[in-house]
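Undergrad: Dropping a structure here in structure tokens format, bear with me for questions.
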Amino acid sequence: MIDILTIILSVSVSIADTISNLFRIPGQLMREILLSIDLHIAKSLFIIYFLSITYWVYKLPKSEVILNDKNSGKDINLRPFAISAMVLIVIIYLIF
Amino acid sequence: MVLGPIDYTIIIIYLVGTVVFGAYIGRKIKSGKDYFLAGRSLPWWAIGMSLVVSDIGAIDMVGIAGSAYLYGIVLGNYDWLGSVPVMIIAAFLFIPMFWKKKVSTIPEWLGARYNSSVQTTSALIWGIYMPINLGIILYASAVMLNVLLDLNPKVLILSDDKAVVEKVAHSTDKKKYDFIYASSIDKGIQLSKDRNPIIIFIDKNLSAESNNRNIFSGIPFVSFTENEISSSWGEMNMNRAREPDWDIFYSILIMGIVIGVYTFLGGLRAVVYTDVIQCVVMLGGSLFVLFFGIIKLGGVSEFVNIITSMGERTKDHFSLVLPVDTKTPHPWSGILFGLGFVLANAYWIGNQSIVQRALGARSMADAKASYIFGALLKILIPFAMVVPGIIALAYNPNIADADKAMATLIKEIMPTGLIGIFFAAFLAGLMSSVDSFLNSAATVWTTDIYKKYFRPKGDDAHYLVVGRVFTIIFILVAIYVAQFATGFESLYDLAQTLLSFFQGPSLAIIILGVLWKRATGTGALVGLIGGVSFSALLMWVHSNATIPLFQVSEPFLYVALWSFILSIMLTVIVSLYTKQEPEEKLRGMVYRYD
């Protein structure tokens, strides 16, 4: 019984090692690419991501951002609030 | 943390008030729709506040401050990157798609968009995960509660060698007991009078007097030499300890009953409106700590000066973007790609316990506005949760257990009464996350399993009864799981691992379902099952290979990312080889395809 368990264990470790080695080659390559990226460029990627969402909100059609509030009967424009939130995030990432 | 009578009064008023308020709201509930979706009557401001507070559990309140104590402002990424942008995207893109279909759950939407198999698979995944996680949250919160209230049984270790003290403490369960130390017999006697330990371990090297157990007036007593200590030594000797005055199970039971009662009575409406109170209390309590802390330090510039003058230890404490090879668990690559692109989206778009609130909105405008309002509130959260952790560092850079940073800070700076407010804030965090999971678990099991397979044509009042029965079952399951969760770290890891298995694949099929009309039911099913299996494979390889696959010990972010990518690929490939869903089925289900 113990022999069978030992065999299963060693076979599973071998399989895991083989798969791990297979994945590790592209993984290591990606890690090296990421390591070579300067921290300022990395920070720029964060800010580009935020700005692209801000731009997307800015370009949304009116029908998707201006909605009628059934209770008050008034139209609410959600775009300024969404853009304000994103602008604040950009400012925070520029500071820290 | 030492609470005074005023603090206890505030806490009791808060707890009783929450239950009474939940019961008051519950009196209007007449149907399953009222119970699961608050009769689709929730306003944007209530949902927005509920979204924010549900995201912050009691573990986070203590754990985030503890991590910020160690790593700094980088923890702010979890709100500023991990919530705000995604909530804006969800508000305009995903939430309207779910809301207009009038579904109660995400699996139900998947069933309408794809097919019944995808719905059931997704429902079973969430339905099994949520009750288990509920127990784990309850247990973890009880641990934090006991730490904050100083309720844990005390173990006194007497030794003049700090290394030996550490060895003894590590050989026993560090989560269940508070270890107190003394380096001399006299100090030990004084400590045993003040703190009433349940057992005393005494180093034979300390003094010949240590052999006289009478000096500790009946407290169980073990003398040892350094060579005797091993991991099993601690457990074996703890069996000789006397019964503690307060067991962690009492904490679990009290919290389970309080949360269970108001969720049982009031359903989603009670969950959301108690969350509103909890949001005010939590933000108020945390912001009090922020302002008190900074004022007492002498202002913002003085605070920054103290931290930056600590040298190498705090050089990154005010940086949100850290290098890939940082020694912290928060490299920018994992944060941006794993958290920002996958886990955050999966949480705000695909997590049933979160999205369910927006499904109960009284109008499309309210559903969208709730997420925008939530995003605006989320900007404040790092100031309320993360910065106090850094303030704690400025006050006391020598706290051994970072999870006690917040409690230590509160004790040092807050006057009596305000400690009670902070403690109520802690309870608010605890209750808001447990009640969300409880209500969502009951909703998924009633809507996607019971209604679909056992009684498709029952009346709405019947589903209300079933929902309440599930609520009782799940709170009992949670209490049961929680009291056996003494191996907390492994169970918590298990919950995180399970979540990372299906977060990525679930998100993949939701995104493709909303954005790509060519995505088919078969493709989604293959993508979901294939992605979950791939996650399991990655974790298995990581754990079993001679050299671990990932270079971090807890690779949840990376597992979620890769399983997401694989699920997208599988769903796209299989969809292209299978027949497109009928046009009439897709109308209203795919973005800008009405």
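Undergrad: Once the piece of chain linking B:Trp516 and B:Met310 is laid out straight, how much longer is it, given 0.36 nm per residue of separation minus the C-alpha distance between them? Can you show the working numbers first?
TA: Working: separation 206, 0.36 × 206 = 74.16 nm, distance 5.21 nm.
Full-extension gain reported as 68.9 nm.
Undergrad: What is the distance, in nm, between label points placed 7 Å from the Cα along the Cα-to-Cβ direction at B:Met569 and at A:Ile15?
TA: Modelled inter-label distance: 2.0 nm.
Undergrad: On the full set of protein chains, 1.4 Å probe, figure out the accessible area of A:Thr18 and give it in Å² to the nearest 10.
TA: 90
Undergrad: Hey, which of these cross-link pairs are over 22 Å Cα-Cα: A:Lys74/B:Lys30; A:Lys70/B:Lys33; B:Lys162/B:Lys187; B:Lys102/B:Lys368; B:Lys457/B:Lys517?
TA: Working: A:Lys74/B:Lys30 31 Å; A:Lys70/B:Lys33 20 Å; B:Lys162/B:Lys187 15 Å; B:Lys102/B:Lys368 14 Å; B:Lys457/B:Lys517 31 Å.
Pairs exceeding the cut-off: A:Lys74/B:Lys30; B:Lys457/B:Lys517.
Undergrad: Kindly compute the accessible surface that chains B and A hide from a 1.4 Å probe when together, both sides summed, and give it to the nearest 100 Å².
TA: 4200
Undergrad: Stretched out fully, how many nm does the piece from B:Asn398 to B:Lys28 gain, at 0.36 nm a residue minus the Cα gap?
TA: Numbers: separation 370, 0.36 × 370 = 133.20 nm, distance 5.26 nm.
Using 0.36 nm per residue and subtracting the Cα-Cα distance, I get 127.9 nm.
Undergrad: Now a separate question. So which trypsin sites (Lys or Arg not before Pro) in region B:1-80 end up in coil per DSSP with only 15 or fewer other C-beta atoms within 10 Å?
TA: Working: sites: B:Arg27, B:Lys28, B:Lys30, B:Lys33, B:Arg40; in loops: B:Arg27, B:Lys28, B:Lys30.
Counting only loop positions with at most 15 other Cβ atoms within 10 Å, the trypsin sites (Lys or Arg not before Pro) in region B:1-80 are B:Arg27, B:Lys28, B:Lys30.
Undergrad: Also, quick follow-up: Which percentage, to the nearest 5, of the DSSP beta bridges contained in chain B is antiparallel?
TA: Working: 1 of 15 bridges.
Taking every DSSP beta bridge with both residues in chain B, the antiparallel ones total about 5 percent.
Undergrad: Something else about it: Using the Cα gyration tensor of chain B, with a ≥ b ≥ c the square roots of its eigenvalues, what is the shape: rounded (a/c below 1.5), prolate (a/b larger than b/c) or oblate (neither)? Write down the numbers at each step before the final one.
TA: Details: a/c = 1.78, a/b = 1.66, b/c = 1.07.
Prolate.
Undergrad: How far is the Cα center of region B:1-69 from the Cα center of region B:251-271, in Å?
TA: For region B:1-69 versus region B:251-271, the Cα centre distance is 10 Å.
Undergrad: Which loop-located trypsin sites (Lys or Arg not before Pro) does region B:228-333 contain, where loop means any DSSP state but H, G, I, E or B and the Cβ has at most 10 other Cβ atoms within 10 Å?
TA: Numbers: sites: B:Arg240, B:Arg242, B:Arg269, B:Lys296, B:Arg313, B:Lys315, B:Lys327; in loops: B:Arg240, B:Arg242, B:Lys315, B:Lys327.
Within region B:228-333, the qualifying trypsin sites (Lys or Arg not before Pro) (loop, at most 10 other Cβ atoms within 10 Å) are B:Lys327.
Undergrad: Which residue fluctuates most in the GNM of chain A (Cα springs below 10 Å): A:Ile83, A:Ile37, A:Ile15?
TA: Fluctuation is largest for A:Ile15.
Undergrad: If you count only protein heavy atoms with a 1.4 Å probe, what accessible area per residue comes out for the protein assembly as shown, rounded to a whole Å²?
TA: Values: 28230 Å² over 690 residues.
I get 41 Å² per residue for the protein assembly as shown.
Undergrad: Please compute the volume of the convex hull spanned by the alpha-carbon atoms of region B:294-399 and report it per residue in Å³.
TA: Once divided by residue count, the hull of region B:294-399 is 145 Å³.
Undergrad: Based on the Cβ-Cβ distance from B:Glu412 to B:Ala163, what FRET efficiency comes out when R0 is 30 Å, to the nearest 0.05? Provide the component values of the computation, followed by the final result.
TA: Working: r = 28 Å, r/R0 = 0.95.
Working from the Cβ atoms, E equals 0.60.
Undergrad: Can you tell me how region B:1-108 classifies by the Cα gyration tensor, rounded, prolate or oblate, using a/c under 1.5 as the rounded cut? Could the numbers behind the result be given before it?
TA: On the way: a/c = 3.21, a/b = 1.14, b/c = 2.81.
It is oblate, given that a/c is not under 1.5 and a/b is not larger than b/c.
Undergrad: Right, another one. How much length, in nm to one decimal, is gained on full extension between A:Ile66 and A:Val87, taken as 0.36 nm per residue of separation minus their Cα-Cα distance? Walk me through the numbers before you get to the answer.
TA: On the way: separation 21, 0.36 × 21 = 7.56 nm, distance 1.97 nm.
That pair, A:Ile66 and A:Val87, stretches by 5.6 nm at full extension.
Undergrad: Where a ≥ b ≥ c are the square roots of the eigenvalues of the C-alpha gyration tensor, would you call region B:154-245 rounded, which needs a/c under 1.5, or, failing that, prolate if a/b is larger than b/c, or oblate?
TA: Since a/c stays below 1.5, the shape of region B:154-245 is classed as rounded.
Undergrad: Quick check: with the 1.4 Å probe, what order do B:Lys411, B:Lys154 take by accessible area, largest first? Walk me through the numbers before you get to the answer.
TA: On the way: B:Lys411 120, B:Lys154 15 Å².
Ranked from most to least accessible, the order is B:Lys411, B:Lys154.
Undergrad: Divide by every residue of chain B the summed helix terms, -39500 (n - 2.57) for each DSSP H run of at least 4, and state the resulting mean residue ellipticity at 222 nm, rounded to the nearest 500 deg cm²/dmol. Mind showing how you got there, number by number?
TA: Details: 26 runs with 380 residues, N = 594.
Helix contribution divided over all residues of chain B: -21000 deg cm²/dmol.
Undergrad: Restrict the search to region B:241-309; then list the chymotrypsin sites (Phe, Trp or Tyr not before Pro) that DSSP places in a loop and that have at most 13 other Cβ atoms within 10 Å of their Cβ. Don't jump to the answer; show the numbers that get you there.
TA: On the way: sites: B:Trp246, B:Phe249, B:Tyr250, B:Tyr262, B:Phe264, B:Tyr273, B:Phe288, B:Phe291, B:Phe292, B:Phe303; in loops: B:Trp246.
For chymotrypsin sites (Phe, Trp or Tyr not before Pro) across region B:241-309 that sit outside H, G, I, E and B with at most 13 neighbouring Cβ atoms in 10 Å, the list reads B:Trp246.
The values are calculated or read from the model by the stated rules, or taken from the named source; none is laboratory data. The structure displayed is predicted, hence computed values, not measured ones. Counting neighbours? That spans all protein chains shown, and the Cβs are built from the backbone with ideal geometry, glycine included. Accessible surface is based on the protein model in full, side chains and every heavy atom, while ligands, DNA and RNA are left aside. Shrake-Rupley method; radii C 1.70, N 1.55, O 1.52, S 1.80 Å.
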